[in-house]
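Please treat every number below as a calculation from the coordinates, not as lab data. Bear in mind the structure is a predicted one, so any value in this text is a computation, not a measurement. Methodologically, a virtual Cβ is constructed for each residue, glycine included, from the backbone with ideal geometry; neighbour enumeration extends over all protein chains shown.
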Amino acid sequence: MRAFSDRRSTARAGAIALMALALAACGGGRDYRPVSDARVQIGRTYVIRGNSYTPAADPTYDRIGLASWYGSESGNQTANGERFRPEWITAAHTTLPLPSYVEVTSLDTGRRIIVRVNDRGPFAGDMRLIDLSRGAAERLGIRRQGVAPVRVRVVEPSERDRERLRKGKPAADLSPLPVRQLESLRGQLRSAGY
């Protein structure tokens, strides 16, 4: 009876090992780049749906427009080779270097957050500036809206904030934009036809 029990245990252990290997193979096939700021990628001009985009470093980038968010692509590879994690505070932009850091301000509420750009997009036909991860949209308070008016500007956060964002955690809280400045940006948004 003991020999039968030992064979059953051995067979069970073998089956578990095979299942573990099979599961490891399912998640494999892709070599994800480690999350790092060490190799910044700018890239060549590319075309999506007939529109050309030329990536470039722009330390003065400061625009108003629309933000959307995405989150169902969990596990996909981002444009700079990292694994997309919807709960992290990341974003996609058409031309900024990867990675870049931007301050995104909701023009509805004045709430501001710092986001790490590690992917390309958005490629919608409207005036969207940035696609936020689900985590970034929640942190900014625009997840329910889907699309919201924002200001996006390139920033150089502290190394502590960079490290937090590289680990999927939010950067330090920023105070809301002062009301007078927020009203000015809303006026610019209206003048631009939003």
Length-normalised contact order of region 46-191, Cα under 8 Å, at least 6 apart, in percent, tallies to 31
Quick one: which of 50-62, 160-172 comes out on top by average Cβ neighbours within 10 Å, and what's the full order, highest first?
160-172, 50-62
With charges set only on the Cβ (+1 for Lys and Arg, -1 for Asp and Glu), what does the dipole of region 45-194 come to about its Cα centre, in debye to the nearest 20?
260
Just the number, please: percent antiparallel of the DSSP beta bridges in region 46-191, rounded to the nearest 5.
75
Under 5 Å from the placed amide H of residue 94, counting only residues 5+ away or on other chains, we find 121
